[in-house]
Amino acid sequence: MRDFEIDGIGMTSRRTRERMIQRLVDQGIHSTKVLDAVRTIPRHIFLDEALAHRAYEDTALPIGHNQTLSQPYIVARMTEVLLALGELSKVLEIGTGSGYQTAVLASLVGKVYSVERIRPLQEKARQRLSRLSLNNVRLRHTDGVMGWPEESPFDGIIVTAAPGDVPQELLNQLSPEGGRLVIPLGGSEVQNLVLITRKGDEYQRKVLEAVRFVPLLTGVIR
Ligand code: SAH
């Protein structure tokens, strides 16, 4: 049976979604793979019902607990940067939140490991991911500054909340053979999206653009 809620109607219909894809193209997202993934994953099921009709607007939206689902452009851009040099088999995400970015990644890479510090958000994300039958995702309730050492190294790491500085553990857990870390860095007002590429013991940094994320916080919430 088709799940009509996943398919979407009205403000969540295919046509509405297609307009979002066109906007992403206009904003400079070129990767067909990324555009297809964003086209396929229904953003509206990652929001509470009262906000679902706004899912395909080009804006960040609240998901509770003072957190937000990132703007579609940012999700697409970070994913495109992460995948720019080819396919990735293992990716770590810090900040599962709604699970939307996790879902987009899961449709593009071998396996996604995603950590979240707020348990109720993680539980909701888990339900949504299983509803979409995305089975190549593992979730963990933990403070993301520690990464996921047992599963390292990762070909890619994506951080969806902003620390002041790069957590050392994340650098350690990047694959020495070209592992890529995409991370917003800075305080609450000004942040830059930064790409860090590891080759052996060398870490090359490239500043991409100004962004605004919620802060990376420490400790966990049950
Ligand atoms: N990728 C998410 C974005 C959510 S906002 C989405 O698509 O919806 C950022 C998320 O990072 C929040 O859920 C927040 O609780 C989480 N976060 C912040 N600091 C964290 C930390 N130290 N460890 C793990 N998760 C963290």
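Among residues of region 203-222 that are assigned to a strand (DSSP E or B), those with a beta-carbon under 9 Å from a residue that is within 11 Å of the ligand (Cβ to nearest atom) and among the β-branched types (V, I, T) at least six positions away or on a different chain give the pairs V211/I74; I221/I118. Pairing each residue of region 97-126 that is closer than 15 Å to R140 by Cα and of a type in the set (D, E, K, R) with any residue that is open to solvent by less than 40 Å² (accessible area, probe 1.4 Å) and part of a helix (DSSP H, G or I), provided the two are 6+ apart or on different chains, yields C-beta distances under 6 Å for E116/Q122. In region 147-169, the condition of being within 13 Å of the ligand (Cβ to nearest atom), small (G, A, S) and farther than 18 Å from L69 by Cβ is met by at least one residue. Take the conditions at pLDDT 95 or above, open to solvent by less than 10 Å² (accessible area, probe 1.4 Å), within 15 Å of the ligand (Cβ to nearest atom) and not in a strand (DSSP E or B) and apply them to V38. Does it pass? The answer is yes for V38.
Among residues of region 46-71 that are among the charged types (D, E, K, R), those with a beta-carbon under 8 Å from a residue that is within 12 Å of the ligand (Cβ to nearest atom) at least six positions away or on a different chain give the pairs D48/I63; D48/G64; R54/L47; R54/L61; D58/Q71; D58/P72.
For region 82-101, a residue qualifies if it is crowded, with 20+ Cβ neighbours inside 10 Å and not in a loop (DSSP other than H, G, I, E, B), and the qualifying residues are L82, L83, V91, L92, E93, I94, Y100, Q101.
In region 178-222, the residue that is surrounded by the most Cβ atoms within 10 Å (Cβ to Cβ) out of those that are within 16 Å of the ligand (Cβ to nearest atom) and of a type in the set (D, E, K, R) is R212.
Is one or more of the residues making up region 48-63 assigned to a loop (DSSP other than H, G, I, E, B), within 12 Å of the ligand (Cβ to nearest atom) and either at positive phi or not small (G, A, S) (or both)? Taking every residue of region 48-63 in turn, none turns out to be assigned to a loop (DSSP other than H, G, I, E, B), within 12 Å of the ligand (Cβ to nearest atom) and either at positive phi or not small (G, A, S) (or both). Among residues of region 82-120 being of a type in the set (D, E, K, R) and within 15 Å of the ligand (Cβ to nearest atom), the one that is nearest to G219 (Cα to Cα) is R117. Restricting attention to region 67-81, which residues are within 8 Å of the ligand (Cβ to nearest atom) and in a loop (DSSP other than H, G, I, E, B)? Within region 67-81, S70 is the sole residue that qualifies. Residue count for region 121-136 under the criterion of being surrounded by 13 or more Cβ atoms within 10 Å (Cβ to Cβ) and either small (G, A, S) or within 11 Å of the ligand (Cβ to nearest atom) (or both): the result is 5. Give me a count of the residues in region 102-117 that are crowded, with 21+ Cβ neighbours inside 10 Å and not in a loop (DSSP other than H, G, I, E, B). Summing the residues that are crowded, with 21+ Cβ neighbours inside 10 Å and not in a loop (DSSP other than H, G, I, E, B) in region 102-117 gives 10.
The values are calculated or read from the model by the stated rules, or taken from the named source; none is laboratory data. Computed from a prediction, not measured in an experiment: that's the story for all the values here. Reconstructed Cβ throughout: ideal geometry from the backbone, glycine too, with neighbour counts over all protein chains shown. In case anyone asks, the SASA skips ligands and DNA or RNA and just uses the protein heavy atoms, side chains included. Shrake-Rupley method; radii C 1.70, N 1.55, O 1.52, S 1.80 Å.
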